[in-house]
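To start, the structure under review is shown below, and the notes come after it.
The values are calculated or read from the model by the stated rules, or taken from the named source; none is laboratory data. Just so you know, these numbers come straight off a predicted model, no measurement behind them. Backbone-built Cβ (ideal geometry, glycine too); neighbour counts: all protein chains shown. We work out accessible area using only protein heavy atoms, side chains counted, and drop any ligands, DNA or RNA first. Shrake-Rupley method; radii C 1.70, N 1.55, O 1.52, S 1.80 Å.
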Amino acid sequence: MRFEIITLFPEVVDHLRVGLLAKALDKEAVEVEALNPREFTHDKHRSVDDSPYGGGSGMVLSPVPMGAALQHLDAKREGPSHKVLLTPQGTRFDQSMAERFASLDALTLICGRYEGFDERIRGMVDEEVSLGDFVLLGGETAATTIIEATARLLPGVLGNAHSAVEESHSTGLLEHPQYTRPATYEGQEVPAVLLSGNHALIARWRRKEALRRTFYRRPDMLATATLTDEDRKLLAELEEERA
Ligand code: ADE
């Protein structure tokens, strides 16, 4: 999959060259290109922004270099790309959006800086996405977060194909607690069931603990999780336990 970032700070992509993502880039399972809209300016100061029409403080990113950068990428790439503007006004990013993006051939992420974008930049994109209800200095960390969450769902990026399936959020529940050696650490014991070798019992325990964790930490997720009759019974027990 190809990721493109339009940013005044193309060095942000260097942060992606670590761990499994560095390996995925090396074996070309993932491709990342950062393009600076300043390359598409022609004035002496190479300005990408200007003062707002109607007055007021701050600067506004011009649609001219942004549009030229997008056209440059479109001309260079084989197929189309899904274009996303990063802004706190966008739809909140989550795991299901990462799954949707992972099915694309190309994703173009446009980062803002300064006070805002000329409204006509909004007309150049397919959707607007936010990382959450807070304001960053620019969209760059949002872009790298989205790339990381999306790329790890692609075939060949995670070593163990199973590990993206059972984790928090992809099952609709938070993940169950995990333990490794030693069996006792500073008086804290690993739950005996995990040492029992009984796979059916272990699976039941894990499901129960995933439900418990979700019930206490993220009850909002239970409204959309796929639950069995046994899950519902367990949740009823948890309700009683808390009462
Ligand atoms: N740019 C500034 N704040 C942002 C946010 N919360 N999400 C995405 N892009 C942003």
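Label E240 and Y185 with points 7 Å out from Cα along Cα→Cβ: what is the distance between them in nm?
Here the answer is 3.4 nm between the modelled labels.
With a Förster radius of 30 Å, plug the Cβ-Cβ distance of F134 and L154 into 1/(1 + (r/R0)^6) and report the FRET value to the nearest 0.05.
After rounding, the FRET efficiency stands at 0.60.
What is the dipole size for the chain, taken about its Cα centre, with +1 at each Lys and Arg Cβ and -1 at each Asp and Glu Cβ, in debye to the nearest 20?
The dipole of the chain has a size of about 380 debye.
Which whole-number value in Å² is the accessible area per residue of segment 187-243, probe 1.4 Å?
It amounts to 72 Å² per residue over segment 187-243.
Counting only residues 5 or more places away or on other chains, whose amide H sits under 5 Å from the amide H of F117 once H atoms are built in the peptide plane?
L61
Please compute the net charge surrounding E115, taking Lys and Arg as +1 and Asp and Glu as -1 over other residues with Cβ under 14 Å from its Cβ.
Surrounding charge for E115 is -3.
Taking every alpha carbon pair in segment 13-74, what does the distance histogram look like in 5 angstrom bins from 0, in percent?
Histogram of Cα-Cα distances, whole percents per bin: 4, 15, 18, 13, 14, 13, 10, 7, 4, 2, 0.
Taking all protein chains in place and a 1.4 Å probe, what share, in percent, of the accessible surface of the chain do carbon and sulfur account for?
Carbon and sulfur: 51 percent of the exposed surface of the chain.
Compute a Gaussian network model of the chain, connecting alpha carbons closer than 10 Å, and tell me which residue from V190, V32, V64 fluctuates the most.
Result: V190 has the largest fluctuation of those listed.
G139's amide H: which non-local residues (gap 5+, or another chain) put their own amide H closer than 5 Å, with H modeled 1.01 Å from N in plane and none for Pro or chain starts?
Here G112 satisfy the definition.
Cα gyration tensor of segment 118-243, axes a ≥ b ≥ c as square roots of the eigenvalues: rounded (a/c below 1.5), prolate (a/b > b/c) or oblate?
The shape class here is prolate.
Using modelled amide H (1.01 Å from N, peptide plane; none on Pro or chain starts), what sits under 5 Å from the amide H of V32, excluding residues fewer than 5 places away?
F3
Restrict the search to segment 41-110; then list the trypsin sites (Lys or Arg not before Pro) that DSSP places in a loop and that have at most 15 other Cβ atoms within 10 Å of their Cβ.
Counting only loop positions with at most 15 other Cβ atoms within 10 Å, the trypsin sites (Lys or Arg not before Pro) in segment 41-110 are K44, R46, R77.
For the chain, what does the helix formula give at 222 nm: sum of -39500 (n - 2.57) over DSSP H segments with n ≥ 4, over the residue count, nearest 500 deg cm²/dmol?
My calculation for the chain gives -10000 deg cm²/dmol from helical runs alone.
Where Rh is the Kirkwood radius over the Cα pairs of the chain, the temperature 37 °C and the viscosity 0.692 mPa s, what D in µm²/s does Stokes-Einstein return?
156
Counting only heavy atoms of protein chains, what accessible area per residue, in Å², does segment 14-84 have with a probe of 1.4 Å?
Ligands and nucleic acids excluded, the result is 63 Å² per residue.
How far apart, in nanometres, would the label points at V18 and T41 be if each is projected 7 angstrom from Cα along the Cα-to-Cβ direction?
It is 3.0 nm.
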